[in-house]
Amino acid sequence: MTDRAGIVLLDGGMGRELNRMGAPFRQPEWSALALIEGPDFVRRAHAAFIAAGAEVITTNSYAVVPFHIGEERFRARGEELADLAGRLARQAATESGRKVRVAGSLPPLFGSYRPDLFKPAEAQALLKPLIAGLSPHVDLWLAETQSAIAEAREVAKALKGDTRPRWFSFTLHDEHPDPKRPALRSGESVVEAVRFAGEAGAAALLFNCSQPEVMGHAIDVARAEAAKLGLGLKIGCYANAFPPQSEDAEANGTLSDIRADLDPKGYLAFARDWQKRGADMIGGCCGIGPEHIAAIKAALR
């Protein structure tokens, strides 16, 4: 079992928290709309997660891509909005008076959960303004909700020469999972993801934006493969509170239902299991709020 004091607490789902707070929020902009029309909501959401116990907060740059804000707006304001997302996270961390790290979110570029839509030839042009805007403000990089290794590989290429820690977080197939072979939404195995993380010089490998039921097996496989390869990878997870998502679903395509059983107590039960399996980092994704993070802090610390 990982020593309790060694668990790093991440934050939760920014989009749902902004929506719950009454921030400007609609499709297709999703959480980026608050950056454009109500940035103080973003700072306050970060502050709420920090107050709950988060030691790492993630910039609200997930939806700063053409898929959400449109190609014209991205060309005109992509780097500016990424910079704002970074500044707001840094402001919240500084104002907390605590040692809180800021992770720069590098999201799926062509839609979440859809490895079939990924266009590697266009990836670098989209990553460049995101990295430029976030770079002055972040302590580490987090490529999150990656559905395929090809997506993460382009991030690694874009970050070449940057010495800050890089974390890669993959979303897992959770509609009809095979416990013996946990897989990314692309069908690639967790074993392959660990090998990629080692080749890319990652400091951490995480799994996010999938049902909590599939996280435990992924942690087991990732830890075993990392040990086999002699990698010093930290392993973590932050699940969502959605029902199973079909293979043709798009994360943030609609405002999905939230499972009633994943209240703070219900989510904590999974967090305890992940801790026992050796997770180094635990947080939450869509539908997991500050109250969930506070429950994890109280129980695991």
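The values are calculated or read from the model by the stated rules, or taken from the named source; none is laboratory data. Just so you know, these numbers come straight off a predicted model, no measurement behind them. Positions of Cβ are backbone-derived with ideal geometry, glycine not excepted, and every protein chain shown enters the neighbour counts.
Put simply, of ILE219, ILE235, ILE288 the only residue that is assigned to a loop (DSSP other than H, G, I, E, B), at pLDDT 95 or above and in contact with a helix residue (DSSP H, G or I) (Cβ under 7 Å, 6 or more places away or on another chain) is ILE288. From the list ALA241, ALA251, ALA269, the lone residue that is over 16 Å from VAL8 (Cα atoms), small (Gly, Ala, Ser) and at pLDDT below 95 is ALA251. Of all residues in region 116-125, those satisfying the criterion of being out of contact with any Asp or Glu (no Cβ under 7 Å at 6 or more places or on another chain) and either buried (at least 23 other Cβ atoms within 10 Å of the Cβ) or part of a helix (DSSP H, G or I) (or both) are ASP116, LEU117, ALA121, GLU122, ALA125. Taking the conditions exactly as written (free of Cβ contacts under 8 Å to residues at least 12 places away in the same chain and small (Gly, Ala, Ser)), does ALA45 satisfy them or not? Answer is no for this residue.
Looking only at region 132-147, residues that are buried (at least 21 other Cβ atoms within 10 Å of the Cβ) and more than 13 Å from the chain's Cα centre (by Cα) come to 3 in all. Of everything in region 78-94 that's in contact (Cβ under 8 Å) with a residue 12 or more places away in the chain and farther than 14 Å from VAL42 by Cα, which residue is surrounded by the most Cβ atoms within 10 Å (Cβ to Cβ)? Among residues in region 78-94 that are in contact (Cβ under 8 Å) with a residue 12 or more places away in the chain and farther than 14 Å from VAL42 by Cα, the one surrounded by the most Cβ atoms within 10 Å (Cβ to Cβ) is GLY78.
Of all residues in region 1-56, those being among the aliphatic types (A, V, I, L, M), over 30 Å from ALA224 (Cβ atoms) and in a helix (DSSP H, G or I) number 15.
Checking the conditions here, which among LYS180, LYS128, LYS160 is assigned to a loop (DSSP other than H, G, I, E, B), surrounded by fewer than 17 Cβ atoms within 10 Å (Cβ to Cβ) and either in contact with a Phe, Trp or Tyr (Cβ under 8 Å, 6 or more places away or on another chain) or modelled with pLDDT of 95 or more (or both)? So that I can check it myself, show each step before the final result.
Working: LYS180 fails: either in contact with a Phe, Trp or Tyr (Cβ under 8 Å, 6 or more places away or on another chain) or modelled with pLDDT of 95 or more (or both); LYS128 fails: assigned to a loop (DSSP other than H, G, I, E, B).
Sole residue among the options that is assigned to a loop (DSSP other than H, G, I, E, B), surrounded by fewer than 17 Cβ atoms within 10 Å (Cβ to Cβ) and either in contact with a Phe, Trp or Tyr (Cβ under 8 Å, 6 or more places away or on another chain) or modelled with pLDDT of 95 or more (or both): LYS160.
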